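Take a look at the structure set out below.
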Amino acid sequence: MMDYLGKKILYLSRKDVESLDISIEEIVARLEKMFSKKVNGRMQMPPKPAIHTNGDAFLHAMPAYIPEFDSSGVKWVGGYPENYKRGLPYITGLLVLNDTETGVPFGVMDCVWITAIRTAAATALAAKYLALQESETLAILGCGVQGRANLEALSHIFHLSKVNVYDISKEPARKFQVEMSPCLQLDIKIAETPHKAVEGADILVTAGPFLMKPSPVIEYDWIKKGAFVCPLDLDSYLKPEVFLKSDFLCTDDVGQFQHFKAEGLFGSCPKDITDLSAVVSGKVRGRKSAANVITSINIGIALEDMAVAPMVFQKAREIGRGVWLDL
């Protein structure tokens, strides 16, 4: 048993977590291992309950247990689209790790970096299995934290030559271009409209805020044949026809998808959807043709958080990050 168990917890601030230098390649590999094991049914993850205190804002409780990683805990995370007006981030929250034998909490950490990196890694993982290997052009709609993280993750999987970005606000798009282009040595162009951003893209990622009553704009006919589409903002950007006409439709968790569907989201999506774990494990073949348009609805699941959090905790202990607090 850990000598600190039941006596102390390690608290990791956002600065602590971000200082650990865990690479995107490590995170993708970790999620790949998790998804390959997910099909055995041993992992536990109830659909995340939500409360909504302010319009399109949300607070989610996200518990999960991964026996293969000896990992259990919960993430309490909020997304408030109007926070920028107060100089606050859209996503905030904490993640708690619990000992799987006793249930005693032993770690508490800021979840902003984990949320961003595991979401981007899940996109990259889905694209690794479902996008065309020769994909070169990427479209990102939404130039916030998720847009940046997804660009970085996908640039490690594909040899990107062109990136088109769009944001409803011009300043985030300009900042994205100025900061990310030299950082990743990529040709980043700002599109004036969603249509211009999507046109000709091999990979399309939408990374705007979740909207309870979306007004989607992206039409199926805008999407290039053979493209891989990954909406991270549920059905906020994509019109229903994109989901209905996709040649293959999957999600990071069917149970969570069905829960959201019962809550009124994805109302027009077909019920026949494949779990990403079936693709990663090799049980289901996703792409059958170079012309297939494939959509992976990555909702963002607690299993991804609980796959990454132990890595963060262990690395922090190894290099002495964080503050030990009495229980």
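Please treat every number below as a calculation from the coordinates, not as lab data. As the structure is a computational prediction, the values presented were derived from the model and not from experiment. Neighbour counts run over all protein chains shown; Cβ positions are idealised from the backbone, glycine included.
If you take all C-alpha pairs in the chain, what percent of them are over 32 Å apart? Please list the in-between numbers first.
Numbers: 13538 of 53301 pairs.
Result: 25 percent of Cα pairs exceed 32 Å.
Please arrange 169, 71 by counting, for each residue, the other beta carbons lying within 10 Å of its beta carbon, fewest first. Write out the running numbers ahead of the final one.
Details: 169 11, 71 23.
By the 10 Å Cβ count, ascending, the order reads 169, 71.
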Virtual spin-label span in nm between residue 283 and residue 221, 7 Å along Cα→Cβ
3.9
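What does the extension gain come out to for residue 327 and residue 268, with contour length at 0.36 nm per residue minus their alpha carbon separation?
Result: 16.5 nm gained on full extension.
For 23, 36, 135, what's the fewest-to-most ordering of other Cβ within 10 Å of each Cβ?
Values: 23 10, 36 16, 135 20.
Ascending Cβ contact count within 10 Å gives the list 23, 36, 135.
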Phi angles of segment 263-278, converted by Karplus (6.51 cos²θ - 1.76 cosθ + 1.60, θ = phi - 60°) into ³J(HN,Hα) in whole Hz with x for Gly and Pro, give 7, x, 8, 6, x, 9, 6, x, 6, 7, 9, 9, 6, 4, 4, 5
Residue by residue, what Karplus-based ³J(HN,Hα) values in Hz, rounded to whole numbers, does segment 288-299 have, using 6.51, -1.76 and 1.60 with θ = phi - 60° and x for Gly and Pro?
10, 8, 5, 8, 4, 8, 10, 10, 10, 7, 8, 6
Inter-part distance where segment 255-320 and segment 113-132 are each reduced to a Cα centre, Å:
9
Just how large is the dipole of segment 122-300 about the Cα centre, in debye to the nearest 20, putting +1 at every Lys and Arg Cβ and -1 at every Asp and Glu Cβ?
180
Mind giving me the FRET efficiency for residue 2 and residue 190? R0 is 41 Å, r the Cβ-Cβ distance, nearest 0.05 is fine.
0.25
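Fewest first, what order do 222, 113, 324 take by the number of other Cβ atoms within 10 Å?
Numbers: 222 20, 113 23, 324 10.
Sorted ascending by nearby Cβ count, the order is 324, 222, 113.
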Nearest-20 debye value, segment 9-163 charge dipole, Cβ charges on Lys, Arg, Asp, Glu:
360
Working from Cα positions, state the angle (0 to 90°, nearest 10) between the long axis of helix 170-184 and the longest principal axis of the chain.
70
Run the numbers on the chain and let me know its relative contact order in percent, using alpha-carbon pairs under 8 Å that are six or more apart.
22
Using each residue's phi in segment 105-110, evaluate 6.51 cos²θ - 1.76 cosθ + 1.60 at θ = phi - 60° and report the 3J(HN,Hα) Karplus result to the nearest Hz, with x for Gly and Pro.
x, 10, x, 10, 9, 4
Dipole of the chain, positive direction: furthest Cα of 193, 150, 269, with charges on the beta-carbon
269
Could you pull out which residues in segment 94-117 have an amide N less than 18 Å from a spot 7 Å beyond the Cα of residue 40, following the Cα-Cβ vector?
100-101
Taking a straight Cα-to-Cα line shorter than 21 Å from residue 239, and setting aside same-chain lysines fewer than 8 residues away, one finds 196, 213, 224, 225, 261, 271
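Given charges of +1 on the Cβ of Lys and Arg and -1 on the Cβ of Asp and Glu, with all other atoms neutral, how large is the dipole of the chain about its Cα centre, in debye to the nearest 20? Numbers along the way, then the final one.
Details: 36 positive and 39 negative charges, 40 e Å.
For the chain, the charge dipole is close to 200 debye.
Convert 4 °C to kelvin, take the viscosity as 1.567 mPa s, use the Kirkwood radius over C-alpha pairs of segment 122-300 as Rh, and evaluate the Stokes-Einstein diffusion coefficient in µm²/s, rounded to a whole number. Could the numbers behind the result be given before it?
Values: Rh = 16.1 Å.
Answer from the Stokes-Einstein relation: 81 µm²/s.
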Which of the peptides 284-297, 263-276 is most tightly packed, and how do the rest follow, going by the mean number of other Cβ atoms within 10 Å of each residue?
284-297, 263-276
